[in-house]
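The values are calculated or read from the model by the stated rules, or taken from the named source; none is laboratory data. Only a predicted model underlies this, so the values are computations on that prediction, with no experimental measurement involved. Virtual Cβ from ideal backbone geometry, glycine too; neighbours counted across all protein chains shown.
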Amino acid sequence: MVVDFKNEAFTDFSVEENRLAFQEALEKVKSQFGQHYPVIIGGEKIETVQKRESLNPSHLSEIVGIVSEANEDLTEKAIQVAYKTFDTWKKVDPAARARLLFRTAHLMRRRKHEFSAWMVAEAGKSWVEADADTAEAIDFLEFYGREMIRLNDRQPLTRIPGEDNELTYIPLGVGAVIPPWNFPLAITVGMTMAAVVAGNTVVLKPASPTNVIAAKFMELLEEAGVPDGVVNFVPGEGAAVGEYMVKHPLTRFISFTGSRAVGLRINEQAAKTAPGQKWIKRVVAEMGGKDAIVVDAEADIELAVDSIVKSAFGFAGQKCSACSRAIIHQDVYDEVLEKVVARTKELKVGSTYDPSIALGPVVDEKAYNKILEYIEVGKSEGRLLAGGAKAEGNGYYIQPTVFADVEPHARISQEEIFGPVVAFHKADSFEHALEIANNTEYGLTGAVITKNRQHLETAREEFHVGNLYFNRKCTGALVGTHPFGGFNMSGTDSKAGGRDYLLLFTQPKMVSEAF
């Protein structure tokens, strides 16, 4: 009997034993830098001429790994293999598929620090952020395994005399899975294995900045005994590999997490029926946010300050749930702003090898240049009170940045920056604060800090986001506890880590037999 789901515990790095164990894992990972990782199709490992070096964003001279990149021909091969494998994989007992996820979770748990160390090196995550990422990956495996068992149970129906009626959930087919680089293990694992446990086969195109972490996940699947062809690994450029998968007539669904622009293009391309296509493709998309923390006049000021700083600058603001707008009631605006600026100036930016840092680098040169451009825009749209420039070091380091007195329709208030930048807005009233909070095209996460119960109930109805938090930060959703996904241009509100999620990768079939 499977025990009830329980979230994986985070590592306490104040314990010396844990710090030493993590440092040992880091040294093991460093000893493997520069290795080559192939394309994997049906279990066949293919070295290609076109390769991509993955750099450590904290130390640009370090090559974390070298990954073979697929082209359209190899992507075609992967789709065909996945399509053929689907014929057998869909017939595997759902309970057996779930056991494979539990086995994978067990193996990952044994090597937890090692996977986290890869994210410290390749994604620029702090020890704490990397540890949370690995814990979430384990949670997805454990949770979705149990969810498949639940969906495989006899479903409740209204019973009538003379008939036996049964509703079952069957898989869709071949899925294109396109995860992001900011949660390179958790979201990759969650998106891939939700589809797999539901009986689908997958062509996985990881985000290029974190190809190596995805390759390590593929190694784990092989060790766990996932059959060849169930998950096929095709790193490559999105414009080539990703778009080819999306347009292919054998692709049944696309699971994507990333930018608004790419998500909308995927949705557009998937809506076009290709010759030979027998279905309407299903798109599951999470496309970012422009998230706000609202601080009311009747707020715990220290809680508000802590929530804003942690939500804005955790993982250098590279979370779709990050607080990029702080909307403060005019009665407490100056006090909250002053304290956030003081806390921000105390944050230490540096190499993620150092467990004491608060912010590491941003992920790559493209992100680095984009964020710095937005900071220059911000200097003309608000008062710069902290940061506003590059930070020292041989990496993609940016100072945590605070702008005050920003207008709600300014670019830095409307466009997703995806970096360590927060804009402060002054609200005349609580109603005005909610109006500002709702004035973007996104609707992913938000938070309200107040002691006023009536205001909380108003926000419960009026604050239009998929994940709304009261008197806490707006980041840090837990699998099973905070099903995650947003409204409007934040995506399809797919609620990863929730009881509805596997329904997106299945189709209900009703069989009725009369006696």
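Is it the case that some residue within the range 309-320 is free of Cβ contacts under 8 Å to residues at least 40 places away in the same chain and assigned to a helix (DSSP H, G or I)? Break it down into steps so the answer makes sense when it comes.
Taking the range 309-320 first, the residues free of Cβ contacts under 8 Å to residues at least 40 places away in the same chain are 309.
Now restrict to residues that are assigned to a helix (DSSP H, G or I): 309.
Among the residues of the range 309-320, at least one is free of Cβ contacts under 8 Å to residues at least 40 places away in the same chain and assigned to a helix (DSSP H, G or I), which makes the answer yes.
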Count, please, the residues in the range 67-83 that happen to be among the hydroxyl-bearing types (Ser, Thr, Tyr) and surrounded by 24 or more Cβ atoms within 10 Å (Cβ to Cβ). 2
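With the structure loaded, tell me whether Glu243 is charged (D, E, K, R) and more than 25 Å from Glu72 (Cβ to Cβ) or whether it fails that test.
On the way: charged (D, E, K, R): yes; more than 25 Å from Glu72 (Cβ to Cβ): no.
For Glu243, the condition - charged (D, E, K, R) and more than 25 Å from Glu72 (Cβ to Cβ) - is not met.
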Restricting to the range 215-237, name every residue that is in a helix (DSSP H, G or I) and farther than 27 Å from Ile149 by Cβ. Ala215, Lys216
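Looking at Asp4, is it acidic (Asp, Glu), in a loop (DSSP other than H, G, I, E, B) and exposed (fewer than 15 other Cβ atoms within 10 Å of the Cβ)? Don't jump to the end; show me each part of the working.
On the way: acidic (Asp, Glu): yes; in a loop (DSSP other than H, G, I, E, B): yes; exposed (fewer than 15 other Cβ atoms within 10 Å of the Cβ): yes.
For Asp4, the condition - acidic (Asp, Glu), in a loop (DSSP other than H, G, I, E, B) and exposed (fewer than 15 other Cβ atoms within 10 Å of the Cβ) - is met.
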For the range 478-502, what are the residues that are part of a loop (DSSP other than H, G, I, E, B) and under 15 Å from Gly289 (Cα atoms)? Gly485, Gly486, Met489, Ser490, Thr492, Asp493, Ser494, Lys495
Tell me, yes or no, whether the range 84-92 has at least one residue that is assigned by TED's automatic domain parsing to the domain that holds Lys247, surrounded by 15 or more Cβ atoms within 10 Å (Cβ to Cβ), more than 30 Å from Tyr368 (Cβ to Cβ) and among the acidic types (Asp, Glu). no
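Among the residues in the range 301-315, are any on the phi > 0 side of the Ramachandran plot and either in the same structural domain as Asn471 (by TED's automatic domain parsing) or among the polar types (S, T, N, Q) (or both)? Spell out how you get there, then give the answer.
First, the residues of the range 301-315 that are on the phi > 0 side of the Ramachandran plot: 315.
Now narrow it down to the ones that are either in the same structural domain as Asn471 (by TED's automatic domain parsing) or among the polar types (S, T, N, Q) (or both): 315.
Yes, some residue in the range 301-315 is on the phi > 0 side of the Ramachandran plot and either in the same structural domain as Asn471 (by TED's automatic domain parsing) or among the polar types (S, T, N, Q) (or both).
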Does Phe233 satisfy being touching a residue at least 60 places away in the same chain (Cβ under 8 Å) and under 17 Å from the mean Cα position of the chain (by Cα)? no
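Looking at this structure, is Leu141 in contact with a Ser or Thr (Cβ under 6 Å, 6 or more places away or on another chain) and assigned to a helix (DSSP H, G or I)?
On the way: in contact with a Ser or Thr (Cβ under 6 Å, 6 or more places away or on another chain): yes; assigned to a helix (DSSP H, G or I): yes.
Against the criterion (in contact with a Ser or Thr (Cβ under 6 Å, 6 or more places away or on another chain) and assigned to a helix (DSSP H, G or I)), Leu141 qualifies.
Condition check: of a type in the set (Ser, Thr, Tyr), touching a residue at least 12 places away in the same chain (Cβ under 8 Å) and in contact with a Ser or Thr (Cβ under 9 Å, 6 or more places away or on another chain). Does Thr492 satisfy that?
No; evaluated as a whole, the condition is false for this residue.
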Restricted to the range 473-515 and to residues being more than 14 Å from the chain's Cα centre (by Cα) and under 19 Å from Gln318 (Cα atoms), the residue surrounded by the fewest Cβ atoms within 10 Å (Cβ to Cβ) is Met489
